[in-house]
Amino acid sequence: MQSRTLTRLALALGISLSTGLMATAAQAAPMIIKFSHVVAATAPKGQGALKFKELAEAALPGKVEVQVFPNSQLFGDGKEMEALLLGDVQMIAPSLSKFDRYTKKLQVFDLPFLFDDMDAVDRFQASEVGQGLLDSMKSKGIKGLAYWHNGMKQLSTNKDKLTRPEDIKGLKFRIQSSDVLEAQFRQLGANPQKLAFSEVYQALQTGVVDGQENTWSNIYTQKLHEVQKTIAITNHGDIDYMVITNAGWWDGLPDDIRAGLSKAMAGATEYANKLAADINERDHQRIAKAGAAKIQTLSKEDVAAWRKAMKPVWEKFEGQIGKDVIEAAQASNKS
Ligand code: LMR
């Protein structure tokens, strides 16, 4: 619309605005950035997303508005990746277990008992190989912006006994959509079933599945401990995230916006990654206090038995992931 027409329109409406002011008003509409995720706002990823909103809006006042949608409100697993590629949402942070369809390399994060602890995960993500994986889906139009931590996975079932691999033979387990995790449970003689995160509570409650694996924070915020009898402290794998965006959208941003968002992402990453361990420990304690499920500690021998039973999975995926990537991840166990 011509500015003269705008002025006439303003006059006709009885608004005495100068064209200059109107132009400023038109420019002032912030760019909306939608950040969708599947966990609770109080979980590590939920906190990271809120921090990113705070920092991005402070760095780019009036220029961007970040809208955060937690709890699969906008899209659940499966749909969110398509939505990102279609431009219906600008940022998501799926668990590293959910990228099978886009790259096989990230399957490294699902190999059971690969990382000794979260410090090792952190070192690997910061390494050259780890940083390189952020670009592993470029050809699919996906850009990795950062890794965010959640924590180590624990195993839970609706049975009283959960100390050795034989205790889960024949049981049905909910898994994330990962072929490695499918192989892991098959290796143990259990029956894995890929289900969206938002469906886990009900699947456990109604007996569609007997058990699941997740972090303390996800177990607590989804109330999974209320529909499970035993949670074994296995620490057999990790759930972390890659914050991703649509590469075409990102590359097309004005330089100042991209720089501001990058800075906000770095700040949010540092914040969320420091917080994740505390949140998981807090939720571990809350689950213990609630007393609904028994928390089973394992002896060194028990853990060794799980490790031995799950290890053959590594070989099956070595070809797809790449030996170099697995070795770089293993090297991160030594500080
Ligand atoms: C799950 O599906 O169990 C997790 O990936 C959910 C999440 O995003 O932490």
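The values are calculated or read from the model by the stated rules, or taken from the named source; none is laboratory data. Predicted, not measured: the structure shown is a model, and the values here were computed from it. All Cβ positions, glycine included, derive from the backbone under ideal geometry; neighbour counts span all protein chains shown. What goes into the accessible areas is simple: the full protein's heavy atoms, side chains included, and nothing from ligands, DNA or RNA. Shrake-Rupley method; radii C 1.70, N 1.55, O 1.52, S 1.80 Å.
Quick look at the numbers
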quantity: Selection from the stretch 64-93 of residues that are over 18 Å from Ser198 (Cβ atoms) and surrounded by 18 or more Cβ atoms within 10 Å (Cβ to Cβ); calculated: Val64, Val66, Gln90, Met91
quantity: Any hit, the stretch 177-188, residues being more than 16 Å from the ligand (Cβ to nearest atom), open to solvent by 40 Å² or more (accessible area, probe 1.4 Å) and either under 21 Å from Ser299 (Cβ atoms) or touching a residue at least 24 places away in the same chain (Cβ under 8 Å) (or both); calculated: yes
quantity: Filtered residue count, the stretch 36-69, keeping only those that are under 14 Å from the mean Cα position of the chain (by Cα) and over 21 Å from Gly144 (Cβ atoms); calculated: 3
quantity: Filtered residues of the stretch 283-304 (kept if assigned to a helix (DSSP H, G or I) and either open to solvent by 90 Å² or more (accessible area, probe 1.4 Å) or farther than 19 Å from Lys45 by Cα (or both)); calculated: Gln285, Arg286, Ile287, Ala288, Lys289, Ala290, Lys300, Glu301, Asp302, Val303, Ala304
quantity: Breaking point among (1) away from the ligand (no atom under 14 Å from the Cβ); (2) open to solvent by 10 Å² or more (accessible area, probe 1.4 Å); (3) in a strand (DSSP E or B), for Gln193; calculated: (1)
quantity: Only listed residue being closer than 29 Å to Ala272 by Cα, open to solvent by 10 Å² or more (accessible area, probe 1.4 Å) and in contact with a strand residue (DSSP E or B) (Cβ under 6 Å, 6 or more places away or on another chain), chosen from Lys138, Lys172, Lys143, Lys153; calculated: Lys143
quantity: Single residue of Ile257, Ile219, Ile244 found to be among the β-branched types (Val, Ile, Thr) and within 12 Å of the ligand (Cβ to nearest atom); calculated: Ile219
quantity: Pairs with Cβ under 6 Å, 6+ apart, first in the stretch 320-332 and in contact (Cβ under 8 Å) with a residue 12 or more places away in the chain and at negative phi, second among the charged types (D, E, K, R) and open to solvent by 10 Å² or more (accessible area, probe 1.4 Å); calculated: Gln320/Lys104; Ile321/Lys105; Val325/Lys105; Ser332/Arg123
quantity: Test: residue in the stretch 82-89 that is hydrophobic (A, V, I, L, M, F, W, C) and in contact with a strand residue (DSSP E or B) (Cβ under 6 Å, 6 or more places away or on another chain); calculated: yes
quantity: When residues of the stretch 310-330 are limited to those that are out of contact with any Leu (no Cβ under 6 Å at 6 or more places or on another chain) and open to solvent by less than 50 Å² (accessible area, probe 1.4 Å), the one nearest to Glu166 (Cα to Cα); calculated: Met310
quantity: Selected residue (criterion: farthest from the ligand (Cβ to nearest atom)) from residues of the stretch 40-55 that are within 16 Å of Ile244 (Cα to Cα) and buried (at least 24 other Cβ atoms within 10 Å of the Cβ); calculated: Phe52
quantity: Search result, residues across the stretch 121-131 that are open to solvent by less than 40 Å² (accessible area, probe 1.4 Å) and within 15 Å of Tyr241 (Cα to Cα); calculated: Val121, Phe124, Gln125, Gly130
quantity: Subset of the stretch 155-178 (residues that are of a type in the set (A, V, I, L, M) and assigned to a strand (DSSP E or B)); calculated: Leu155, Ile175
quantity: The listed residue being assigned to a helix (DSSP H, G or I), more than 11 Å from Arg174 (Cβ to Cβ) and open to solvent by less than 10 Å² (accessible area, probe 1.4 Å), out of Ser217, Ser198; calculated: Ser217
quantity: Selection count, the stretch 222-241, where residues are within 14 Å of the ligand (Cβ to nearest atom) and β-branched (Val, Ile, Thr); calculated: 1
quantity: Exclusive hit being part of a loop (DSSP other than H, G, I, E, B) and either open to solvent by 10 Å² or more (accessible area, probe 1.4 Å) or under 30 Å from Leu60 (Cβ atoms) (or both), set Gly260, Gly207, Gly248; calculated: Gly207
quantity: Selected residue (criterion: farthest from the chain's Cα centre (by Cα)) from residues of the stretch 195-253 that are of a type in the set (Ser, Thr, Tyr) and within 26 Å of Met91 (Cα to Cα); calculated: Tyr201
